[in-house]
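All of the numbers you see were taken from the coordinates with simple rules; none came from a lab. As the structure is a computational prediction, the values presented were derived from the model and not from experiment. Because the Cβ atoms are built from the backbone with ideal geometry, glycine has one as well, and the counts that use them run over all protein chains shown.
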Amino acid sequence: MQQLAIGQNVIHPIHGAGKITGVTEMNIVEEFTKYYVIEFSTKRLTLHVPVLNLDGSSIRQVMSENKADDVFGILQAEPEALPEEFKHRRRKLEDWLQSGRPVQIAQAVRALAWRNEHGGLSSLESRLFSQAKDMLVTEVALATDQDALDARHEIEAVLTSAMMSDGEKVLAH
């Protein structure tokens with residue numbers, strides 16, 4: 001079972017980056033009495049995650065700086081073609097985002113950036129693109145110990161550079 005500490009940053013697959021602000025005792029479910037209190041400041045949200053069920057939850061530690069390098073490698077690579085049918089494309093993108101894994105979130109960001117550059121996005125895809133980029137930015141910022149704005153600029157610069165260098169490779173989506 002992983003142990004987390006008060007003050008530690010963690011990642012939730014739906015809510016993104018949060019911080020453990022305390023441990024509390026509550027009698028909500030019989031076998032769980034101690035809960036980590038996790039605050040998500042960007043969403044003004046607080047979650048209580050059972051300490052004993054931490055391995056069964058999706059809460060995880062922030063990726064390492066080495067994993068952040070892997071994420072930038074994903075962003076620089078040519079994206080996998082997305083399904084043409086909207087329902088299947090949406091499902092694939094949502095699966096990537098809901099995985100909570102930085103590499104899969106980077107795959108979604110990369111695919112949506114390319115799709116936006118070479119044909120545009122639907123309103124739902126634009127919303128998913130914004131959500132995915134925000135999730136990636138907050139985690140990259142934490143992993144590399146930099147400001148979120150700097151992380152956003154770095155991610156956008158890498159995407160722009162990747163699309164410029166492979167301008168002839170327009171993928172059919």
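If you wrap the Cα atoms of segment 9-61 in a convex hull and average its projected area over all directions, you get 3.5 nm².
Taking GluC sites (Glu not before Pro) in DSSP loop states with no more than 14 other Cβ atoms inside 10 Å as exposed sites, the chain has its longest site-free stretch at 86-167. The alpha carbon radius of gyration of segment 65-165, expressed as a multiple of 2.2 N^0.38 Å, is 1.00. Comparing mean-square fluctuations of Leu112, Leu97, Leu45 from a GNM of the chain with C-alpha springs under 10 Å, the top value falls on Leu45. Here the Gaussian network model covers the chain, with springs between Cα atoms less than 10 Å apart; of Ile155, Ile14, Ile74, Ile14 fluctuates the most.
Evaluating 6.51 cos²θ - 1.76 cosθ + 1.60 at θ = phi - 60° for every residue in segment 83-96, the Karplus couplings come out as x, 6, 6, 4, 4, 5, 5, 4, 4, 5, 4, 5, 4, 4 Hz, glycine and proline recorded as x. Using only Cα atoms, what Kirkwood radius does segment 15-94 have, in angstroms? Value: 15.9 Å, from the Cα pair sum.
Kirkwood Rh over alpha-carbon pairs of the chain, then Stokes-Einstein at 20 °C and 1.002 mPa s: what D in µm² s⁻¹, rounded to an integer? Estimated via Stokes-Einstein, D reaches 125 µm²/s. Which residues make up the longest stretch of the chain that has no trypsin sites (Lys or Arg not before Pro) in a DSSP loop with at most 14 other Cβ atoms within 10 Å? Looking at the chain, 45-168 is the longest stretch - no exposed trypsin sites (Lys or Arg not before Pro) with at most 14 other Cβ atoms within 10 Å.
Pairs of Lys residues in the chain, spaced 8 or more positions apart or belonging to different chains, with C-alpha separations under 24 angstrom: 12 in total.
Label reach from Glu25 (point 7 Å along Cα→C-beta): in segment 39-53, amide nitrogens under 18 Å belong to 49-53.
Between Arg91 and His153, the contour length at 0.36 nm per residue exceeds the alpha carbon distance by 19.5 nm.
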